[in-house]
Amino acid sequence: MSRPNWFLALPLPADAASVWLAAAAAAPPVLRRFHPADLHLTLAFLGPCDEAAALAAWQALDGLVHQPITIRAGGWRALGSPAAPSAYGLTLAEGHPELSRLLAAWGAQALAAAGCRPERRPPLPHLTLLRPPRRQAVELREPMAAWMAAAPLPPQPALLSRLALYTWADERRQRLFRIVCSRTLASPPPAESPTWNH
């Protein structure tokens, strides 16, 4: 098994996750649907760093707070390589400017604390919902483009109110990720009792 990735993200609440995933129900069945508990908006992708570096990134954001952010889906988008997209997800109609600023500011601090390279691409707040099999990424590109052009959007907004540190799940057949630690977005964690979710 390859070295697991780490990332900081804002989890999508459980009640909203099921609704947002339902919008992808009619996508080609060969695509992998995310588990509802895996839906999140990435704040900083740390990659295959070690646990100490990931925890340093997490702790770098200890003193930073932000009010919960309301998001509403804006449209479907292919992600990754244009020739062979590695994922499909939803961009935002509501919450985009606010989250772009948060990704740029908090994300940069987290990456620096972990010793990772700074992100050179402009922030793109989005939620990934679908992944194609790697060997079929190219052949699915055009069918997915046609599907996205007519695909529904989640009918209700969602409220992002938590910050979490993620890594790969121990059993990735059911879920891709697990939360290592989390806290509310609007308040820093107590200095003496961080929240660990092993």
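Look at (1) 49; (2) 46; (3) 32: the one that is percent of Cα pairs over 26 Å apart derived from this structure is (3). For the range 1-41 versus the range 54-126, the inter-centroid distance based on Cα atoms is 15 Å.
Determine by what factor the alpha-carbon radius of gyration of the range 50-113 differs from 2.2 N^0.38 Å, reporting the quotient.
Details: Rg = 14.8 Å, N = 64, 2.2 N^0.38 = 10.7 Å.
Output field value: 1.39.
When the GluC sites (Glu not before Pro) in the range 99-194 are filtered for DSSP coil states and for at most 13 other beta-carbon atoms within 10 Å of their beta-carbon, the remaining sites are 171, 192.
Put 69, 179 in order of accessible area, largest first, 1.4 Å probe: what do you get?
On the way: 69 0, 179 45 Å².
Heavy-atom accessible area, descending, gives 179, 69.
Relative intensity of the range 18-131 on a log10 scale, I(q)/I(0) at q = 0.11, 0.14 Å⁻¹, equals -0.41, -0.67, per a Debye sum over C-alpha point scatterers of equal strength in the absence of solvent.
The angle separating the long axis of helix 137-150 from the principal Cα axis of greatest extent in the chain is about 80 degrees. Remark: the range 114-183 carries 62 Å² of accessible area per residue (probe radius 1.4 Å; ligands, DNA and RNA excluded).
The values are calculated or read from the model by the stated rules, or taken from the named source; none is laboratory data. Quantities reported herein were computed from a predicted structural model and do not represent experimental measurements. Glycine also receives a Cβ, built like all others from the backbone with ideal geometry; neighbour counts cover every protein chain displayed. We work out accessible area using only protein heavy atoms, side chains counted, and drop any ligands, DNA or RNA first. Shrake-Rupley method; radii C 1.70, N 1.55, O 1.52, S 1.80 Å.
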